[in-house]
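Q: Structure below; questions to follow.
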């Protein structure tokens, strides 16, 4: 079946001569191959012409289970394309229990991981893909299943589980389920051509509107991975080398690997800003029927027809092709037939003699069976993308059975560059299956993205890079790989990298985030990123910290305006409510780093400027989804808390802060000093130096205040651990020197409407956390300015109410964050040394519901390093038992000798044992959830049956479903025993 393109005039990109409406872009791809863990490594090896197959030693073969007599046979060839670590699986990432994972066919496990990586490469978050995405999956026959079924170790339920975990019926649908993909999910099996046929079907589905995106994934991993016995006249090589089209070719080799591509309609990919690896412009599938010598024999007629149909669908002539990736198994019969068929049809369609270079990837890695067509497609995409044609490895001289006279095909033992002569590079890919199903795809070089990419500059904007993983080790590996990748890919703008990481990667439990302006800076910070704690399913509670006077500095709004979306709008909302002259002064102080610091220290200006910054930052955070459960403001910050809590509306809050600053500014001048001492020692020092206790910030940090001369005398008298640090203030706040301001503040507060608090906040005078709904009096605002700030007590109250809270300091500096840490809380200062953008990233890393994509600049999807899968080795015990004939039943034993009775097992012991059996997870905790650990409805039915046998009662499945934790299952078992419910 084909969908033909309209005819074209063969004009280059940028012309209107070619209709691209039926083109399909390859937006992502991933793979693991013999001798290469990823596509980049594999491509470098292909360009060098490396043979990636492995000669296995006798010990390794015997350890893998090969029969010694077979290994020692003179016809045994101990060579194959070996896939390393094929038994590993990152089951936790996919929410699969160890037991279920061990039962799964390793091919299907690898396909899950590779589909994930391909979606990442396409710039898609595999866990939140909103497009209707189809899955087209192919794999070779499961020797793993055969090993389990012939081990005679599985009971009836185990056989059912093994079938469900291995049979091809569930291959595509399992991927769709685990990744949440809602398009068609089809398993495609046509022997060796399976995966290229799957590509054709996916293309048709996209063009027919059945899906918006498609993942095509295929695997071929034998179990175990061994050599082969050469049979005279068979297709497997006696020499242990696959040499397609060569005079000494004697057959193919088995290889193992897995590959995946992501497809989208070309115009959709262009609209999304994607940079495709290449474009599929035509494809076709047919079958030889009976026009061949036998079922397993190839047919030149069928192969010619499928190539002709694919070129017709593409709407291009054979004279525009420069490369053909052949099926090329290196067999004596197959290669000459393929050469003859391709030569005939390409010559007929206009290809000049020797125009088309032939490639044959099986010479490097062996024959990957059901995955071979997809692997060939990926290689061809790299050829047309990079303009480099790898050598045909091992080729010395052309097979004399090949017809070379006038053939458009040529084989080169060396690689070469392919410039394309200004036209898009085009190539064909063939894949033919035993049984006669043939597939051919025409590939074209992708056009360059429209518009120039943004350039990076050392003095450019900051970029936030977010990285997450399912385990701490994977997080470190991801950060390190990205750090290594950044300097080597200067052509990928940092904006694209940041955007792809934020919007095209799954937000997994272990996270880190770094910000910087250059690649070197970002790479260094990624390498230095510390260990991370896993975020929970629910976001931690947030407490906003709102600093008081002394934290201000000229230009303090700039970091927030640059990095915090919504900040500028909220700040403008504050400033427009002020009179013109104070608004102008506040704006200048907030945005001009050269604004006179001494002027900003004046109480009237400092308090108003701080309030505006804090209110705007908190409002912007709310717009990002960061909603506080409590507010803790220090001195002036309590007024910001009152406004954010709803006690004051914004206009009244600005008026009250203005009046407060004016009243305090009119008081006698004074000074303040911070000391690293407890409250009792602070009171002793205050009495000795004629000062007052202004604040208790932590159990070991206090502030004394009073006349400037007394503060200076204190500072001069103290040294060592008790050394005093004089603060940047003009007055002795929270002392008797502020007594003249108290009635003025109360009068101003009495003139505004005071509502009830909607969000709990700390009262400085008492250190209490005022609950929501509290009525606040005008007098309390006045007393707050005079009394000691009991911030340590306030933070202790916050810690008791919200022990897992993340405190966000929504203002300049980071003094309050240190106080929160001293109270045992986690703190992130938005205005700290790390910078506002990285602080916002830290909030995401802490599990707050903040979308990092809103913190990035516009960018295109970029091809970045994928997830570093490194799961445990998982093999089902039944699969490791070598096939053996059933043995006769053992005689029935006689009565067992008397022995001490075993201790009775409690319901909790029994339930935990059955969980471990069914899920493969020991070390369970009471709050463990059966479904979170990989259980499903079928396993719940089995659990109910097993527990019923253990307890001698009927265990209702519905109760196990509605109360899924271990503690709830244990309580259910105990209650059923107590009730004595008969079976």
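Q: Kindly provide the set of residues from segment 126-149 that are in a loop (DSSP other than H, G, I, E, B), over 14 Å from residue 108 (Cβ atoms) and either in contact with a strand residue (DSSP E or B) (Cβ under 9 Å, 6 or more places away or on another chain) or free of Cβ contacts under 8 Å to residues at least 60 places away in the same chain (or both), ordered by number.
A: The answer is 129, 130, 131, 132.
Q: Related question: For segment 511-561, give me the residue count where each residue is in a strand (DSSP E or B) and surrounded by fewer than 20 Cβ atoms within 10 Å (Cβ to Cβ).
A: Residues in segment 511-561 being in a strand (DSSP E or B) and surrounded by fewer than 20 Cβ atoms within 10 Å (Cβ to Cβ): 0 in total.
Q: Hey, another quick one. Is it true that residue 240 is in contact (Cβ under 8 Å) with a residue 60 or more places away in the chain, farther than 30 Å from residue 22 by Cα and surrounded by 24 or more Cβ atoms within 10 Å (Cβ to Cβ)?
A: no
Q: Here's something else I'd like to know. Can you tell me which of 665, 670, 690 is surrounded by 21 or more Cβ atoms within 10 Å (Cβ to Cβ) and over 49 Å from the mean Cα position of the chain (by Cα)?
A: Among 665, 670, 690, only 670 is surrounded by 21 or more Cβ atoms within 10 Å (Cβ to Cβ) and over 49 Å from the mean Cα position of the chain (by Cα).
Q: If you don't mind, there's one more thing I want to ask. Any residue in segment 317-329 that is buried (at least 20 other Cβ atoms within 10 Å of the Cβ), farther than 22 Å from residue 387 by Cβ and in contact with a helix residue (DSSP H, G or I) (Cβ under 7 Å, 6 or more places away or on another chain)?
A: Yes: segment 317-329 contains one or more residues that are buried (at least 20 other Cβ atoms within 10 Å of the Cβ), farther than 22 Å from residue 387 by Cβ and in contact with a helix residue (DSSP H, G or I) (Cβ under 7 Å, 6 or more places away or on another chain).
Q: When the residues of segment 201-237 are narrowed to those that are part of a helix (DSSP H, G or I) and more than 26 Å from the chain's Cα centre (by Cα), which ends up nearest to residue 22 (Cα to Cα)?
A: Residue satisfying both the conditions and the ranking: 207.
Q: Looking only at segment 739-752, filter to residues that are closer than 20 Å to residue 634 by Cα and more than 55 Å from the chain's Cα centre (by Cα); which one of those is surrounded by the fewest Cβ atoms within 10 Å (Cβ to Cβ)?
A: Top of the filtered list is 739.
Q: Kindly evaluate residue 682 against the criterion of being in contact with a strand residue (DSSP E or B) (Cβ under 8 Å, 6 or more places away or on another chain), over 30 Å from residue 619 (Cβ atoms), in a helix (DSSP H, G or I) and at pLDDT 95 or above.
A: So residue 682 fits the description; yes.
Q: Quick one: count up the residues across segment 69-115 that are farther than 20 Å from residue 34 by Cα and in a helix (DSSP H, G or I).
A: 13
Q: Please determine whether any residue of segment 802-817 is within 24 Å of residue 535 (Cα to Cα) and assigned to a helix (DSSP H, G or I).
A: The answer is yes, given that some residue of segment 802-817 is within 24 Å of residue 535 (Cα to Cα) and assigned to a helix (DSSP H, G or I).
Q: What is the number of the single condition among (1) surrounded by fewer than 16 Cβ atoms within 10 Å (Cβ to Cβ); (2) in contact with a helix residue (DSSP H, G or I) (Cβ under 7 Å, 6 or more places away or on another chain); (3) in contact (Cβ under 8 Å) with a residue 12 or more places away in the chain that residue 84 does not meet?
A: So the condition that residue 84 fails would be (2).
Q: Restricting attention to segment 152-188, which residues are touching a residue at least 60 places away in the same chain (Cβ under 8 Å) and in a loop (DSSP other than H, G, I, E, B)?
A: Across segment 152-188, the qualifying residues are 152, 153, 154.
Q: So which residues in segment 498-514 are under 16 Å from residue 485 (Cα atoms) and either in contact with a strand residue (DSSP E or B) (Cβ under 7 Å, 6 or more places away or on another chain) or assigned by TED's automatic domain parsing to the domain that holds residue 126 (or both)?
A: 498, 501, 514
Q: Residue 76: farther than 25 Å from residue 937 by Cβ and modelled with pLDDT of 95 or more, yes or no?
A: In short, no.
Q: Of these, 203, 261, 229, 285, which one is closer than 24 Å to residue 126 by Cα and touching a helix residue (DSSP H, G or I) at 6+ places or on another chain (Cβ under 8 Å)?
A: One residue alone meets the criteria, 261.
Q: If you go through segment 387-405 one residue at a time, how many are part of a loop (DSSP other than H, G, I, E, B) and either in contact (Cβ under 8 Å) with a residue 60 or more places away in the chain or not assigned by TED's automatic domain parsing to the domain that holds residue 249 (or both)?
A: 13
Q: For residues in segment 458-471 being more than 11 Å from the chain's Cα centre (by Cα) and closer than 14 Å to residue 513 by Cα, which is surrounded by the fewest Cβ atoms within 10 Å (Cβ to Cβ)?
A: 462
The values are calculated or read from the model by the stated rules, or taken from the named source; none is laboratory data. Keep in mind that what you see is a predicted model, and the values were worked out from it rather than measured. Backbone-built Cβ (ideal geometry, glycine too); neighbour counts: all protein chains shown.
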